[in-house]
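Visitor: Would you mind keeping the following structure in view while I ask a few things?
The values are calculated or read from the model by the stated rules, or taken from the named source; none is laboratory data. Since this is a predicted model, take the numbers as computed values, not measurements. Ideal geometry is used to build each Cβ from the backbone, glycine not excepted, and the neighbour counts take in all protein chains shown. Keep in mind that these areas ignore ligands, DNA and RNA; they rest on the heavy atoms of the full protein, side chains included. Shrake-Rupley method; radii C 1.70, N 1.55, O 1.52, S 1.80 Å.
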Amino acid sequence: MTVPMSRNGREEAENNGRQNEKTPLIPSIKESDESNVSSRSVQFDKQSSRKIESLSSRSQHYIHKASSYLEHFTKSERDHAIELHPGIGDAAFLIRDAVVGETENPSEGAYNPYSNPDLRMRNTISIVCSRICSRRSVRKFIILVVWAGVLLSFVEPPAWCFDIPGLEITEEDTKKVGHCWDVMSLTGPPADDPHSDESVQYYPNSIFFLLTRPQTAAIESVCLVIMIVYFLLLICRDGCYPTVFLRPGRARLPRIFGTGSVAALCIGLAISVVRDGYYSRVLAPLFRIFLLVSLSVDSRRELRTIITLMPEVMTIVFLLFIFIAFYAWMGVVGFYGTPEAKQHFPNLIDGMWTLWIAVTTANYPDVMMPAYNRNRLAALYFVVFMAITFFFLMNVILASVVNAYDNELDRRRIASKQTSQRELHEAFALLQKNGVIDRDTVMALFLILNDDFPEFRTIPDDEAKLLFALLDKDGSNQISEDEFMNFGKVMMVEFERSDVYTTLVEKYLPALYGSTRYQKFSSFVKSDWFEGMIDVLLVLNAVVIAIQSFPELTGEYVELDPKIYNGKIDSAWEYVETAFTVIYVLEAWSKIMVLSWRRYTASPRNVFDFVVTFSAVLATCYVYYPNAYSNSRLIRYIIMARVLRLARLLFMLKPFQ
């Protein structure tokens, strides 16, 4: 049963309902609800910890990724190539030996910085020293320093006059060239005529004795310091191991001679500075030669060739010796009791010496003429001897030397090719995967060669791609072993940009370059007609010079025209010489404009013409510009060198070809 509510009651209930809608209901906490609250807080803590762990793991991941990116950018491409391609460093050494033909520092037994990753400092020193020592400019500089030491032997005071007892030395002499000056400037009568009034120089040196002893010591000290530094770099290149530097092999003996020569020169120099001595300097020129031979690859190669040729040549030389001995025996017996016996054939040894000089034609026919004047049959003895020895045996010796040298070159070429092929096979075995080498490995190999092997020219990335295309003959983007055997030939290929041959007219005046008149002019300059016209002018120039020089050529004395020395162009010959000079300048200018400077200087003939023409212009300016020198004959002498170009006309004739 429902009880009806009054009006006031209904309004109060509605007001309470509105308040309940506006005001949120707050549950009252009772003892029975405390467990629910604690469980919710635990769940919230777990969720928060999970989020924190997830955030920390993500941050660590990003930090690791950032550090890896940083390591990638801070490491050089070379280091990445070594890490990604194991064995690429060893392969680069083998390729260096195979392509360059390295004999100064062969990789066999050498210190390899790529196979010792734990010795970072030693590896770095080895690579840096290798880069320094392998540079062509450094090698040329070292050879130049050694040659300076060799040439020092010709301008230093002789060793035999370092210590001369009883020689009075003045202070002025010491300032000049030490106490050798008085001895080297001695003059007197000739040794073969002591009573002659003629005065000759006992030690003729053509004023070539230039240095004092302190100057000699200073120059040699500088050279030796440079050589010591160089040998220290060589030792550091081999990992700072002297035993590796002097390892067994083809480079061991030269290195022993080189280091020994430097040590001997240092000891001799120190002794000569501390105390004067003859024996401390007498062997210095010999040690300088040893040092030069030990550092010059070409000198050692030719020396080995000479040693190889000796057994083959000595057979013919021994035959010549037997023939000279037999003929000397005949001469001693045949000319016995004659003036020739006393002068030329007193005994077997002197007779052999006389005939040996005759083989060199130094005393022939003088040695024959006295006997020939007394008896015509004496000529048979000498004529037969000269015919057999000079015209036959000496030519046989020359032919034997030439043939043996050619055979040695062929043997050396074959041995070098076999060694190169073997080293390339070994390098391929280090780089290959499944029998082929991929593109990335070859690109990394070019990178290593650029960074660590200055023996090779620097290969940019675009050229490296072209070289890979030349290697990859089948277009498979992989290099097989047969293709890799052409690596040496490919490395010799050099590319040039076509724009380096662009002419100045084409670059700065394209409208003129494209005109019909300029193209006709260009075709004319490149034609044989243009060269023919220049050759005709050269012939005319030669005729003019011959006419000018005719009195001198015939031996007549003609007083020169005084106009030659007035520094003015006021004679007919001077006008002609100036006209030829202008024509040659126009020829060089035309060729440079049409061919470009790069293509023009690629021809040795053009370089010769340009040098002579430029010299003629300088001589013309020097002669006709107001100064103390005004002899116009200088221009003629320079232009005469241009006439040498006519020699190439001889090769147009079949007999000269």
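Visitor: From Cα pairs below 8 angstrom and at least 6 apart in sequence, can you work out the relative contact order of region 340-442, rounded to a whole percent? All intermediate terms of the calculation are to be shown ahead of the outcome.
Guide: On the way: 28 pairs, mean separation 13.9, N = 103.
After rounding, I find 14 percent.
Visitor: Set the Förster radius R0 to 56 Å, insert the Cβ-Cβ distance between Tyr622 and Val128 as r into 1/(1 + (r/R0)^6), and round the FRET efficiency to 0.05. Display every interim value, and only then the final one.
Guide: Values: r = 50 Å, r/R0 = 0.89.
After rounding, the FRET efficiency stands at 0.65.
Visitor: Then there is this: Give me the accessible area per residue for region 436-573, probe 1.4 Å, as a whole number in Å².
Guide: Numbers: 8620 Å² over 138 residues.
With the other protein chains kept in place, region 436-573 gives 62 Å² per residue.
Visitor: Continuing with this model, one more query. Skip the ligands, DNA and RNA, and give the accessible area per residue of region 311-378 with a 1.4 Å probe, whole Å². Numbers along the way, then the final one.
Guide: Values: 4340 Å² over 68 residues.
With all protein chains present, region 311-378 gives 64 Å² per residue.
Visitor: Calculate, in nm to one decimal, what Val100 and Arg301 gain on full extension: separation in residues at 0.36 nm each, minus their alpha carbon distance.
Guide: Numbers: separation 201, 0.36 × 201 = 72.36 nm, distance 1.52 nm.
Full-extension gain reported as 70.8 nm.
Visitor: Can you give the accessible area of Tyr518, probe radius 1.4 Å, in Å² rounded to 10?
Guide: 20 Å²
Visitor: Follow-up. Using a 1.4 Å probe, how large is the accessible area of Leu431, given in Å² and rounded to the nearest 10?
Guide: Roughly 10 Å² of Leu431 is accessible to a 1.4 Å probe.
Visitor: Here is a further query. Subtract the Cα-Cα distance of Val611 and Ser476 from 0.36 nm times their separation in residues, and report this length gain in nm to one decimal.
Guide: Working: separation 135, 0.36 × 135 = 48.60 nm, distance 5.07 nm.
In short, 43.5 nm is gained.
Visitor: Filter the cross-link list Lys473/Lys526; Lys417/Lys465; Lys433/Lys489 down to pairs whose alpha-carbon distance in this structure exceeds 28 Å. Write down the numbers at each step before the final one.
Guide: Details: Lys473/Lys526 37 Å; Lys417/Lys465 26 Å; Lys433/Lys489 23 Å.
Long pairs (Cα-Cα over 28 Å): Lys473/Lys526.
Visitor: While we're on this one: Suppose R0 equals 56 Å; then what is the FRET efficiency for Thr601 and Glu198 from their Cβ-Cβ distance, rounded to the nearest 0.05? Could the numbers behind the result be given before it?
Guide: Values: r = 55 Å, r/R0 = 0.98.
Using R0 = 56 Å, I get an efficiency of 0.55.
Visitor: 7 Å from Cα along Cα→Cβ at both Val383 and Ile256: what's the point-to-point distance in nm?
Guide: Going from the Val383 label point to the Ile256 one covers 5.7 nm.
Visitor: Where the accessible area of region 293-390 is counted over protein heavy atoms with a 1.4 Å probe, how much of it, in %, is carbon and sulfur?
Guide: Carbon and sulfur together cover 71 percent of it.
Visitor: Can you send over the solvent-accessible area of Glu556, 1.4 Å probe, protein chains only, in Å² to the nearest 10?
Guide: Roughly 110 Å² of Glu556 is accessible to a 1.4 Å probe.
Visitor: In nm, give the distance between the simple-model label positions of Val525 and Val576, each being 7 Å from the Cα along the Cα-to-Cβ direction.
Guide: So the label points at Val525 and Val576 sit 2.9 nm apart.
Visitor: Mind giving me the FRET efficiency for Leu246 and Asp366? R0 is 41 Å, r the Cβ-Cβ distance, nearest 0.05 is fine. Please report the intermediate quantities before stating the final value.
Guide: Working: r = 56 Å, r/R0 = 1.36.
Rounded to the nearest 0.05, the efficiency is 0.15.
Visitor: Given a 1.4 Å probe and heavy atoms of the protein chains only, how would you sort Ser115, Ser196, largest accessible area at the top?
Guide: On the way: Ser115 65, Ser196 35 Å².
So, going from the largest accessible area down, we get Ser115, Ser196.
Visitor: Another question, then. Pull out the extension gain between Phe550 and Arg497, defined as 0.36 nm times the separation in residues minus the alpha carbon to alpha carbon distance; nm, one decimal. Numbers along the way, then the final one.
Guide: Numbers: separation 53, 0.36 × 53 = 19.08 nm, distance 5.18 nm.
Stretched fully, the Phe550-Arg497 segment lengthens by 13.9 nm.
Visitor: Next question. Roll a 1.4 angstrom probe over the protein heavy atoms and tell me the percent of accessible area of region 570-613 that is carbon or sulfur.
Guide: On the way: 1690 of 2200 Å².
Solvent-exposed carbon and sulfur of region 570-613 make up 77 percent of the total.
Visitor: Using amide H atoms built 1.01 Å from N in the peptide plane, name the residues 5+ places from Val436, or on other chains, whose amide H lies under 5 Å from its own.
Guide: When sequence neighbours closer than 5 places are left aside, there are no close amide H contacts.
Visitor: On a 1.4 Å probe surface of the protein chains, which of Arg237, Arg120, Arg304 comes out largest in accessible area, and what is the full order? Intermediate values should be presented prior to the final figure.
Guide: Numbers: Arg237 5, Arg120 185, Arg304 130 Å².
Correct descending sequence by accessible area is Arg120, Arg304, Arg237.
Visitor: Per residue of region 234-246, what does 6.51 cos²θ - 1.76 cosθ + 1.60 with θ = phi - 60° give for ³J(HN,Hα)? Whole Hz please, x for Gly and Pro, Karplus curve as stated.
Guide: 5, 5, 5, 4, 8, x, 6, 10, x, 5, 6, 4, 9
Visitor: If you don't mind, there's one more thing I want to ask. Ordering Trp329, Trp529, Trp147 by accessible area with a probe of 1.4 Å, largest first, what comes out?
Guide: Values: Trp329 160, Trp529 200, Trp147 120 Å².
In descending accessible area the options line up as Trp529, Trp329, Trp147.
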